[in-house]
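What follows is calculated from the coordinates using simple rules that are stated; it is not laboratory data. Just so it is clear, the model here is predicted, and its values are computed rather than measured. Positions of Cβ are generated from backbone atoms using ideal geometry, with glycine treated the same way; all protein chains shown enter the neighbour counts.
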């Protein structure tokens, strides 16, 4: 589900991000990339699992978004996802916030 707040899209994901759900994730991200300057907060609070396919979708989207002058950040990551992002070095690549509202507030500074 996507919630638009001003010029920021909040993408709320649930369940597992893996090879079974990769096409849907790619489609959701692609639809948000149609914005002139994509600004996306991905709400991970209801995501239980993510594998390399899910991470790859985020990396690809961030590359496109950054080239257009936008950004993509994460919010609400559970301990598993935070550990995964740290382990693979993506916590240095993505801004990660405790809550969606924190990510939105940081964007407006």
Order of 37, 64, 100 - criterion: other Cβ atoms within 10 Å of each residue's Cβ, fewest first: 37, 64, 100
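Can you run the Rg to Rh ratio on the chain? Use alpha carbon positions and the Kirkwood inverse-distance Rh. All intermediate terms of the calculation are to be shown ahead of the outcome.
Details: Rg = 12.6 Å, Rh = 13.7 Å.
Here the Rg-to-Rh quotient is 0.92.
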Likely footprinting exposure, 62, 48, fewest C-beta neighbours within 10 Å first: 48, 62
Residues 94, 49 arranged by fewest to most Cβ contacts within 10 Å: 49, 94
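Please find the FRET efficiency linking residue 51 to residue 106, where r is the Cβ-Cβ separation and R0 is fixed at 30 Å, and quote it to the nearest 0.05.
With a Förster radius of 30 Å, E is 0.60.
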